[in-house]
Each structure stands twice: as structure tokens, then as C-alpha cells.
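Okay, so here's the structure we're looking at.
The values are calculated or read from the model by the stated rules, or taken from the named source; none is laboratory data. Keep in mind it's a predicted model, so treat the numbers as computed, not measured. In this analysis, Cβ positions are derived from the backbone assuming ideal geometry, glycine residues included, and neighbour counts consider all displayed protein chains. Accessible surface is based on the protein model in full, side chains and every heavy atom, while ligands, DNA and RNA are left aside. Shrake-Rupley method; radii C 1.70, N 1.55, O 1.52, S 1.80 Å.
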Amino acid sequence: MTALEQSKKQPSLWEIFAVFAKVGALTFGGGYSMLPIINKEAVERKGWVTQEEVMDYYAVGQCLPGIIAINTGVFVGCKVRGKSGGIAAALGIAFPSLVIIMLIAALLAPYMNLPIVQKAFMGIRVAVAALIIQAIATMWKKGIKDIFTAIIFAAAFSLAALTNISTVLIIICSVVLGIVIKVFAMKGK
Amino acid sequence: MIYVLLFYEFFKIGLFAVGGGLATIPFLYDLAVKHNWYTNQDVVDMIAISESTPGAIGLNMSTYVGYTTAGVLGSIISTIAIIIPEIIIVIIVSKVLNQFSSSKYVVSAFYGIRPTVTALICVACLEVLKVSVFNWGEFLQSYNWAALVNYKAAILFALVLFLVFKFKKHPVYYIAGCALAGMLLF
């Protein structure tokens, strides 16, 4: 088999799974932090996709429901080996999370009631609040751009904070509103 | 049947949580209210652990909730359930990738989704504040205004908020620092 044939040979599902398991294990925090690792593994080492393709997948992945790392991985897997490649990539990314979190949950459980651990978590909760506020600030800049988006924000906030309407329903309404405002009222302005 | 219920709830999250890991938080609070699988305070602890361990936050959270609710099998089921809708959607979209990202309907849907997800996460953040900076649970029982704010936590919060915006370091540093501060302060 020549080098060319070798490089054209489809990678095995196991290989796709293994590469994305590595991506999952080395991604710390999800989303954007996964891109350099996908670039290193799938672009540079394996040559499955180009860096531009990965950027496109990531951009579209953000616009799809679910976990962005999985979305991006499934795109790469599909490109390399069709549907089964996509599934192998998704399972690969999910695998390290499953193992690591199960271990931590099991190891931590017996200690959760110790006073010192409780105190540590009281501190940690404060950090979580601050980190979420930072994420909200970033999202605010991207999402609230004019009077309509400000109204949608206020409406969604009031509904979620004051009523029991389900999160799913609020999101569906926002999709409909977005399309109505942009496509019909503003004529795609 | 707890496993069927877990599968159903996480399949729904996978289908509707747009905007990455943090977008799953409002749904997790929904589940806390709806099924009593865990408390609001547990959600915050799960966020902290998910942010400070390897792996995408959304996946870590689904595994954690599944484990807390129904052990090893629960965590496998909830994680598989959250990724199935995504696999299906991406396989479909990958065939029409170019039309998809330039479609005016997709762009407009996002015009509506972005402010909504921001609002949902703001509401989730209030829940986090209730168990971190405020003594909300105790306050609801006593209506003692003097005990509403946990002052030590409020000071720590102001400090961390400042640091988070000033130095955009990885979350794990702030979480580790606050764990230490918590052991010393509280």
C-alpha cells in the first residue's frame, strides 16, 4: 500500500473514538477551549479536516442545541466517516466526562458532610456566582443589541423568574419571535 | 421508572439547550423543582465540579445529575440522552451546512434565542446567589432582614467578581481560591 492510499484509507471508528476521547479529556471548561486540541489532533496529526472547516463547524455548532464540543466533534466525524463516524466522535467526547465525573462523585460523596468540605463548598458557590455573572456579561454583549432584543430579554426574564412556564416553551417562543421580528416586521434588515 | 424519566428529561435538554454548557443550568433548576432529585444548592456544587474538571461542562453536568439521581447507570443514561438529539441534528445539518449558516431563518431565530438564553441564565444566577451570598432558605423561615445577607460571602463575592473581570483566568483558579477562602472564612 502506498503512502497515498494509506492517507486515503478511512480511519476506523475506534480511531475516531480514541481521538475524540483525547479531545474530551484535554478540554477544560468546554466550548472554545476545545478548539486548539481539535486542531492539534484532527487537523495536524490526522489531517481529517482543515482548520477552516473546524472553525465553520464550531460556528454552526454554537447555533445548534446541545453541547458545542459534541456538535463540533460530530461534524468532524461525519466528514471523515459519515453517520457512524459522527456517533463515534460523540461517544469519544462523552467518555472521559462519564468516567471522571463518576469517579469524583463517588469519591466525594462520603466527605460531603464534613464541616471543612461544607465550608469549602460555601466558598466555591460564591465563585460560581461570580463566574456566571461574567458569562452573562459576555452573552449580553452578543445578544442584546436593540430595543427588540431588550424587550425579549425582559419578557423572558419575567416569565422565567415569576411564572412556572417551562424553559422549553420560553425558548420555542423566542425562536418564533425572532423570526417574526427579523423576517417579517423588519423585512430581513 | 427513574431511568426512563432521566432519559426523557435529558433528551429534552439536548434538544432545547442552545448556547453551550451554561444553557443547561436553567433546565437543571427546572428538574430540581419538578422531580426533587436534588436541591438548588446541589446544582451549584455540580456546576463548580463540572467547571473544574476536564470535559465539556454540559456533559459533566448531565453525568453528575444522572449519578446523583440514579447511580452509574443513571449517569450513562442521562449523558447518552443529552447527546442523541445533537448527533441527529448535526448529521442532518452537515448535509446542508452552507445553506444552514446563511439562512435568514436561522439568523433570525438566533436574534430571538440569544437574549432569551441570557435572561434564563440570569434567573439561574439569582438561584445561585440565594445559596451563596444570601441565606435565602433561612430568611424565608424567619423573615429576619439582618440575617438575609451572608456578609463574609458578600465581601468574598465582591472580591472574586472584581478579579474575574480584571483577570480573565480559567474558572478552576477562582473555584480553588474560593474553596480555600471558604475553609478559612466560614
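Within region A:40-53, being touching a residue at least 24 places away in the same chain (Cβ under 8 Å) and aliphatic (A, V, I, L, M) holds for A:Ala42, A:Val49. Checked against (1) closer than 27 Å to B:Ala32 by Cα; (2) open to solvent by less than 40 Å² (accessible area, probe 1.4 Å), B:Gln141 passes all but condition (2). Hey, among the residues in region A:7-24 that are open to solvent by 30 Å² or more (accessible area, probe 1.4 Å) and at pLDDT 90 or above, which one's nearest to the other protein chains (Cβ to nearest Cβ)? For region A:7-24, the residue satisfying everything is A:Lys22. Filtered by the rule that a residue be free of Cβ contacts under 8 Å to residues at least 12 places away in the same chain, within 7 Å of another protein chain (Cβ to nearest Cβ) and more than 22 Å from the chain's Cα centre (by Cα), region A:167-189 gives A:Ile179, A:Lys182, A:Val183, A:Gly188. In region A:133-189, what residues are surrounded by fewer than 17 Cβ atoms within 10 Å (Cβ to Cβ), part of a helix (DSSP H, G or I) and hydroxyl-bearing (Ser, Thr, Tyr)? A:Thr138, A:Ser158, listed by residue number.
Consider region A:25-42 and keep the residues that are part of a loop (DSSP other than H, G, I, E, B) and touching a strand residue (DSSP E or B) at 6+ places or on another chain (Cβ under 8 Å). The one that is modelled with the highest pLDDT is A:Thr27.
Residues that are open to solvent by less than 10 Å² (accessible area, probe 1.4 Å) and of a type in the set (Ser, Thr, Tyr) within region A:27-79 comprise A:Thr27, A:Thr72, listed in sequence order. Taking the criterion of being touching a strand residue (DSSP E or B) at 6+ places or on another chain (Cβ under 7 Å) and open to solvent by 10 Å² or more (accessible area, probe 1.4 Å), the only residue of region B:43-86 that qualifies is B:Pro54.
Of all residues in region A:109-136, those that are facing chain B (nearest Cβ under 7 Å) have Cβ atoms under 6 Å from Cβ atoms of residues that are among the charged types (D, E, K, R), 6 or more apart or on another chain, in A:Phe121/B:Asp45. Residues that are hydroxyl-bearing (Ser, Thr, Tyr), crowded, with 16+ Cβ neighbours inside 10 Å and part of a helix (DSSP H, G or I) are absent from region A:105-118 altogether.
The single residue among B:Leu156, B:Leu129 that is at the interface with chain A (Cβ under 10 Å from one of its Cβ atoms), over 18 Å from the mean Cα position of the chain (by Cα), crowded, with 16+ Cβ neighbours inside 10 Å and not in a loop (DSSP other than H, G, I, E, B) turns out to be B:Leu156. Pairs meeting the criteria (first residue in region A:54-72 and on the phi > 0 side of the Ramachandran plot, second residue open to solvent by less than 10 Å² (accessible area, probe 1.4 Å) and modelled with pLDDT of 90 or more, beta carbons under 6 Å, at least 6 apart or on different chains) are A:Gly66/B:Gly14; A:Gly66/B:Glu86. Considering only region A:80-88, I want to know if a residue exists there that is crowded, with 16+ Cβ neighbours inside 10 Å, in contact with a Pro (Cβ under 7 Å, 6 or more places away or on another chain) and within 23 Å of B:His170 (Cα to Cα). No, region A:80-88 contains no residue that is crowded, with 16+ Cβ neighbours inside 10 Å, in contact with a Pro (Cβ under 7 Å, 6 or more places away or on another chain) and within 23 Å of B:His170 (Cα to Cα).
Pairs are defined by a Cβ separation below 7 Å, a sequence spacing of at least 6 or placement on different chains, a first member in region B:85-114 that is of a type in the set (A, V, I, L, M), and a second member that is part of a helix (DSSP H, G or I) and surrounded by fewer than 16 Cβ atoms within 10 Å (Cβ to Cβ); the pairs so defined are B:Ile91/A:Lys83.
Looking across region B:12-23, just one residue is part of a helix (DSSP H, G or I), open to solvent by less than 10 Å² (accessible area, probe 1.4 Å) and not hydrophobic (A, V, I, L, M, F, W, C), and that is B:Gly14.
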